[in-house]
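Novice: This structure is in structure tokens; I'll ask about it shortly.
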Amino acid sequence: MSTLALRAVDHGAVLAGLKAKPSGWPPASLDPGCGRHTFTLSRGRARRTSPKIRSLRFGGIAGGLGRLLSAKRIRRMIASYVGENKEFARQYLHGELELELTPQGTLAERMRAGGTGIPAFFTATGVGTQVAEGGLPWRYDDAGNVVVSSPPKEVREFATAEGTKQFVLETAIVADFGLVRAWKGDRHGNLVFRDSARNFNPLAAMCGRVTIAEVEQLVEPGEIDPDDVHTPGVFVQRVVPLTPEQAADKRIEKRTTRGPPPPVDPPAVAGSSRTEA
């Protein structure tokens, strides 16, 4: 994300975003997508502040959030999965950052709720576990002792078609700034996402009070069919077009390719088989 686009972002703001590239980070930020493909920082460096990140997962160490982690610029993380980053685990277990693990669907719904003006909601996910009952270790000290644990949440019973069930209360997420990346967008902020980028980018755009969108293809208003718009421009306040080189920079965390198919025996020719006496 360009410095010009982020000129209005103050330190202390909360950010929500994918593929953001800011120079200088507010101390609280939300990354609702796969961390390996977010916050690439190609135009800037992580510096000055220690942001709080909310992310569905963290990803690798070489790019994205990993660059903030290497610079020890992350002090709190809300995520659903962080298991493949050894440096993150080291910092967490040594008390250098705080981690709140949240079910992925719950985290996504908290973002959606924030974008639609719903302050909180009840979900069955987490009932009967430490997610609802509290006690999940959020922060350790340098000796490995738990110093901050998750608090218990309100649990209430509701009548359902399957009978009375328990549900846990989760609060919405509202960010000061949303940072997203779209495949196509116009100057009015109407955005189109491709494939899995549609999963969480729209939620990040919705829950940001001010949303800044990077677009790989910038078109004029009216060139996008209204039926193709995934995020209406009412949710977007800044549009930053990418260069072709930046748009093509899509790193793959784990490349998996299919090997050659096994050899197949040729079909038997009719009349070629014979029975031995």
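Only the coordinates and a few stated rules stand behind these numbers; no lab work does. Note that this is a predicted model, so its numbers are computed, not measured. All Cβ positions, glycine included, derive from the backbone under ideal geometry; neighbour counts span all protein chains shown.
Novice: Of the numbered conditions (1) touching a strand residue (DSSP E or B) at 6+ places or on another chain (Cβ under 7 Å); (2) farther than 30 Å from Val240 by Cβ, Pro202 satisfies every one except a single condition; which is it?
Specialist: (2)
Novice: Which one of these does Ala197 not meet: (1) closer than 17 Å to Ala113 by Cα; (2) in contact (Cβ under 8 Å) with a residue 60 or more places away in the chain?
Specialist: Of everything listed in (1) closer than 17 Å to Ala113 by Cα; (2) in contact (Cβ under 8 Å) with a residue 60 or more places away in the chain, Ala197 misses just condition (1).
Novice: Could you list, ordered by first residue, the pairs with Cβ atoms under 8 Å in which the first is in the range 169-181 and surrounded by fewer than 24 Cβ atoms within 10 Å (Cβ to Cβ) and the second is among the aromatic types (Phe, Trp, Tyr) and part of a strand (DSSP E or B), at least 6 apart or interchain?
Specialist: Leu169/Phe121; Leu169/Phe122; Glu170/Phe121; Glu170/Phe122; Ala172/Phe121
Novice: Hey, can you tell me all the residues within the range 182-212 that are crowded, with 21+ Cβ neighbours inside 10 Å, part of a strand (DSSP E or B) and not charged (D, E, K, R)?
Specialist: Result: Ala182, Gly185, Leu191, Val192, Gly208, Thr211, Ile212.
Novice: Between a residue in the range 128-157 that is of a type in the set (Asp, Glu) and any residue that is assigned to a loop (DSSP other than H, G, I, E, B), which pairs come within a Cβ distance under 7 Å, given they are 6 or more apart or on different chains?
Specialist: If the second residue must be assigned to a loop (DSSP other than H, G, I, E, B), the pairs left are Glu133/Pro152; Asp141/Gly95; Asp142/His94; Asp142/Gly95.
Novice: Taking the residues in the range 114-159 that are of a type in the set (A, V, I, L, M) and part of a strand (DSSP E or B) as candidates, determine which candidate is nearest to Ala89 (Cα to Cα).
Specialist: The first filter runs over the range 114-159 and keeps only residues of a type in the set (A, V, I, L, M), leaving 118, 120, 124, 127, 131-132, 136, 143, 146-148, 155, 159.
Okay, now just the ones that are also part of a strand (DSSP E or B), so 120, 146-148, 155, 159.
Numbers: Ala120: 30, Val146: 14, Val147: 16, Val148: 16, Val155: 31, Ala159: 41 Å.
Ranking the qualifying residues of the range 114-159, first place goes to Val146.
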